[in-house]
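Student: Mind looking over this structure? Questions follow.
The values are calculated or read from the model by the stated rules, or taken from the named source; none is laboratory data. Remember, it's a predicted structure, so these values are computed and weren't measured experimentally. Ideal geometry is used to build each Cβ from the backbone, glycine not excepted, and the neighbour counts take in all protein chains shown. Only protein heavy atoms, including side chains, enter the accessible area calculation; ligands, DNA and RNA are left aside. Shrake-Rupley method; radii C 1.70, N 1.55, O 1.52, S 1.80 Å.
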Amino acid sequence: MKLFENAAVGSLVLANRLVKSATLENMATPEGLPTRDTLRFYERLARGGSGLIITGYAYVHPSGRSYPLQHSASSDAMVGMWRPVTDKVHENGSRIALQIVHGGRQCRPVPKTGTSLFAPSRIPNLVYFTLPRKMTEEQIICTIRDFGRAAARAREAGFDAVQIHAAHGYLISSFLSPLTNRRKDDWGGTPELRFRFLAEVFREVRSAVGDDYPVMAKMNISDFVPFGLSPKDSFPAARRLASLGLDALEISGGLLENPMAMCRGSAPVDVIGRGKTFAVRMYFSMSLQFMRLFLPFRENYFQDYAARLKPTLSIPLMLVGGIRSLSGAEQILQSGCADFVSLARPLIREPDLPKKWRKGIADRAGCTSCNRCLGEMEQGSRLACYLKPETGST
């Protein structure tokens with residue numbers, strides 16, 4: 001079975017082609033450092049048999065923190081604190097990558113701190129009702145350097161690779177999108193100039209970690225909103241990344257304003273609207289139900305995009321999005337649509353799902369795509385399966 005064959009990402013050889021896709025954990029200290037919960041979470045995933053585990057996004061600078069208990073890659077203190085986690089993952093036969101990110105316009109506003117959100121352009125965030133400032137040239141250059149320093153810390157902390165988060169509407173994603181990047185200078189105005197920020201981030205990261213260290217990226221193939229990024233621009237961007245020397249690409253889609261594009265299934269409006277005013281609850285309820293109607297769940301829902309991109313891509317492709325069965329995962333690989341399959345919600349519920357699949361115990365994952373894990377996480381709870389916690393990551 002191809003799913004359980006060895007496979008390589010650059011110089012890194014993996015035991016199989018199953019990847020734990022990144023998800024915010026909400027398990028860090030207020031300073032962004034890993035905790036015992038972090039260690040237990042990743043130890044359980046490693047024991048479960050995933051070939052590669054990609055951590056939830058770690059911010060490269062405090063200005064890019066999206067959630068209060070998000071992990072950080074912005075301080076040298078993270079190096080020693082992450083070492084027990086990476087060592088434990090290795091002891092259990094898996095490999096681990098740190099996903100690095102800047103939240104940009106999708107950072108939660110922090111009252112009374114005076115901290116300003118910044119982004120390529122002054123495009124309002126319609127979830128948090130904030131208006132970011134347009135980044136200056138100096139801020140752009142400093143942020144690029146922050147990504148390089150974060151990657152160097154990841155290597156020192158024992159991570160086997162880094163993944164640059166250029167998807168889901170965060171800072172790099174917002175530079176790529178014509179909806180959120182309205183600049184007319186050297187950082188916007190054409191697809192090539194909108195790509196420049198990501199290109200410079202990659203070059204900085206590569207310089208910081210060296211040619212022998214795997215560098216991956218996660219990128220939207222579509223924002224799934226009017227005037228947003230589409231395959232017309234995202235596919236050429238993927239090929240440019242490959243030509244620069246990227247080691248693997250994971251594709252996804254959607255922004256914070258349309259979360260059902262990236263995590264299709266049920267809309268847990270009772271959770272997401274908790275504590276909000278009636279007007280905001282109604283906004284969330286109507287928006288989520290609308291998106292659920294037009295972006296229905298189906299297994300392997302990004303596969304059609306992968307099938308179009310893969311023949312023109314010279315590097316390994318990771319496919320995430322609605323993979324719920326062993327037969328579905330194997331079909332992706334056998335068809336040549338992708339080189340790896342990435343799962344998030346199923347492995348939150350069943351960290352040992354890879355071992356179950358290898359042993360033939362089950363074909364389908366137990367995850368029902370209820371999205372309650374993501375709804376609870378949005379409210380500040382730690383990442384876990386809330387449908388039946390005893391089988392999840394609690």
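Student: Looking at region 323-337, which of the residues that are in a helix (DSSP H, G or I) and among the hydroxyl-bearing types (Ser, Thr, Tyr) is farthest from Cys263 (Cα to Cα)?
Tutor: The qualifying residue farthest from Cys263 (Cα to Cα) is Ser335.
To keep it simple, each residue is scored yes or no on (1) touching a Lys or Arg at 6+ places or on another chain (Cβ under 8 Å); (2) closer than 17 Å to Ser63 by Cα; (3) outside any helix (DSSP H, G or I).
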| site | (1), (2), (3) |
| --- | --- |
| Ile100 | no, yes, yes |
| Ser116 | yes, yes, yes |
| Thr143 | no, yes, no |
| Phe147 | no, yes, no |
| Gly158 | yes, no, yes |
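Student: In this structure, is Ser381 modelled with pLDDT of 95 or more, open to solvent by 30 Å² or more (accessible area, probe 1.4 Å) and either basic (Lys, Arg) or in a loop (DSSP other than H, G, I, E, B) (or both)?
Tutor: Against the criterion (modelled with pLDDT of 95 or more, open to solvent by 30 Å² or more (accessible area, probe 1.4 Å) and either basic (Lys, Arg) or in a loop (DSSP other than H, G, I, E, B) (or both)), Ser381 does not qualify.
Student: Under 7 Å between Cβ atoms, which residue pairs at least 6 apart in sequence (or on different chains) link something in region 94-112 that is within 26 Å of Phe159 (Cβ to Cβ) and at pLDDT below 95 with a partner that is part of a helix (DSSP H, G or I) and open to solvent by less than 10 Å² (accessible area, probe 1.4 Å)?
Tutor: From residues that are within 26 Å of Phe159 (Cβ to Cβ) and at pLDDT below 95, the pairs are Cys107/Gly64.
Student: Look at region 13-48 and say how many of its residues are open to solvent by 20 Å² or more (accessible area, probe 1.4 Å) and either more than 26 Å from Cys385 (Cα to Cα) or in a loop (DSSP other than H, G, I, E, B) (or both).
Tutor: Restricting attention to region 13-48, the residues satisfying the condition of being open to solvent by 20 Å² or more (accessible area, probe 1.4 Å) are 13, 15, 17, 29-31, 33, 35-37, 39-40, 43-44, 47.
Okay, now just the ones that are also either more than 26 Å from Cys385 (Cα to Cα) or in a loop (DSSP other than H, G, I, E, B) (or both), so 13, 15, 17, 29-31, 33, 35.
Qualifying residue count, region 13-48: 8.
Student: Sticking with this structure for a sec: Which of the numbered conditions does Trp357 fail, given that it passes all the others? Conditions: (1) closer than 15 Å to Arg44 by Cα; (2) more than 21 Å from the chain's Cα centre (by Cα); (3) touching a residue at least 24 places away in the same chain (Cβ under 8 Å).
Tutor: Only one criterion in (1) closer than 15 Å to Arg44 by Cα; (2) more than 21 Å from the chain's Cα centre (by Cα); (3) touching a residue at least 24 places away in the same chain (Cβ under 8 Å) is unmet by Trp357, namely (1).
Student: Take the residues in region 203-224 that are over 22 Å from Thr23 (Cα atoms) and part of a loop (DSSP other than H, G, I, E, B); name whichever of them is most open to solvent (accessible area, probe 1.4 Å).
Tutor: Among them, the one singled out is Asp211.
Student: Here's another thing I want to ask about it. Among (1) under 30 Å from Cys370 (Cα atoms); (2) in contact with a strand residue (DSSP E or B) (Cβ under 7 Å, 6 or more places away or on another chain), which single condition is Val209 missing?
Tutor: (1)
Student: Looking only at residues that are assigned to a loop (DSSP other than H, G, I, E, B) and open to solvent by 20 Å² or more (accessible area, probe 1.4 Å) in region 246-262, which one is modelled with the lowest pLDDT? If you could, list the steps in order and put the result at the bottom.
Tutor: If we filter region 246-262 for residues that are assigned to a loop (DSSP other than H, G, I, E, B), which is where we start, we get 246-247, 254-258, 262.
Going one step further and asking which of them are open to solvent by 20 Å² or more (accessible area, probe 1.4 Å), we end up with 247, 256-257, 262.
Working: Asp247: 98, Leu256: 85, Glu257: 82, Met262: 75.
Among residues in region 246-262 that are assigned to a loop (DSSP other than H, G, I, E, B) and open to solvent by 20 Å² or more (accessible area, probe 1.4 Å), the one modelled with the lowest pLDDT is Met262.
So that you can scan it fast, the table gives a plain yes or no per residue for (1) in contact with a strand residue (DSSP E or B) (Cβ under 9 Å, 6 or more places away or on another chain); (2) surrounded by fewer than 17 Cβ atoms within 10 Å (Cβ to Cβ):
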position	(1), (2)
Leu126	no, yes
Leu131	yes, yes
Gln139	yes, yes
Cys142	no, yes
Arg149	no, no
Ala152	no, no
His165	yes, no
Ser174	yes, no
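Student: Restricting attention to region 344-362, which residues are surrounded by fewer than 17 Cβ atoms within 10 Å (Cβ to Cβ), part of a helix (DSSP H, G or I) and in contact with a helix residue (DSSP H, G or I) (Cβ under 7 Å, 6 or more places away or on another chain)?
Tutor: Going through region 344-362, the residues surrounded by fewer than 17 Cβ atoms within 10 Å (Cβ to Cβ) turn out to be 355, 358-362.
If we keep only those that are part of a helix (DSSP H, G or I) as well, we get 355, 358-359.
Within region 344-362, Lys355, Arg358 meet the criteria.
Student: Out of the residues in region 112-124 that are on the phi < 0 side of the Ramachandran plot and of a type in the set (Gly, Ala, Ser), state the one that is surrounded by the most Cβ atoms within 10 Å (Cβ to Cβ).
Tutor: Ala119
Student: Might you let me know whether region 82-100 holds any residue that is within 30 Å of Lys134 (Cβ to Cβ), surrounded by fewer than 24 Cβ atoms within 10 Å (Cβ to Cβ) and touching a His at 6+ places or on another chain (Cβ under 9 Å)?
Tutor: No, every residue in region 82-100 fails to be within 30 Å of Lys134 (Cβ to Cβ), surrounded by fewer than 24 Cβ atoms within 10 Å (Cβ to Cβ) and touching a His at 6+ places or on another chain (Cβ under 9 Å).
Student: Suppose we filter Phe118, Phe129 for residues that are more than 25 Å from Leu39 (Cα to Cα) and touching a Gly at 6+ places or on another chain (Cβ under 8 Å); which single one remains? Please lay out each step first, then the result.
Tutor: On the way: Phe129 fails: touching a Gly at 6+ places or on another chain (Cβ under 8 Å).
Answer to the check: Phe118.
Student: If you don't mind, another one. What's the number of the condition Val341 fails, among (1) within 29 Å of Leu246 (Cβ to Cβ); (2) exposed (fewer than 15 other Cβ atoms within 10 Å of the Cβ); (3) not small (Gly, Ala, Ser)?
Tutor: Here Val341 clears every test but (2).
Student: On to the next question. Yes or no: region 56-78 includes at least one residue that is farther than 16 Å from Met216 by Cβ, surrounded by fewer than 16 Cβ atoms within 10 Å (Cβ to Cβ) and touching a Pro at 6+ places or on another chain (Cβ under 7 Å).
Tutor: So far as region 56-78 goes, yes, one or more of its residues are farther than 16 Å from Met216 by Cβ, surrounded by fewer than 16 Cβ atoms within 10 Å (Cβ to Cβ) and touching a Pro at 6+ places or on another chain (Cβ under 7 Å).
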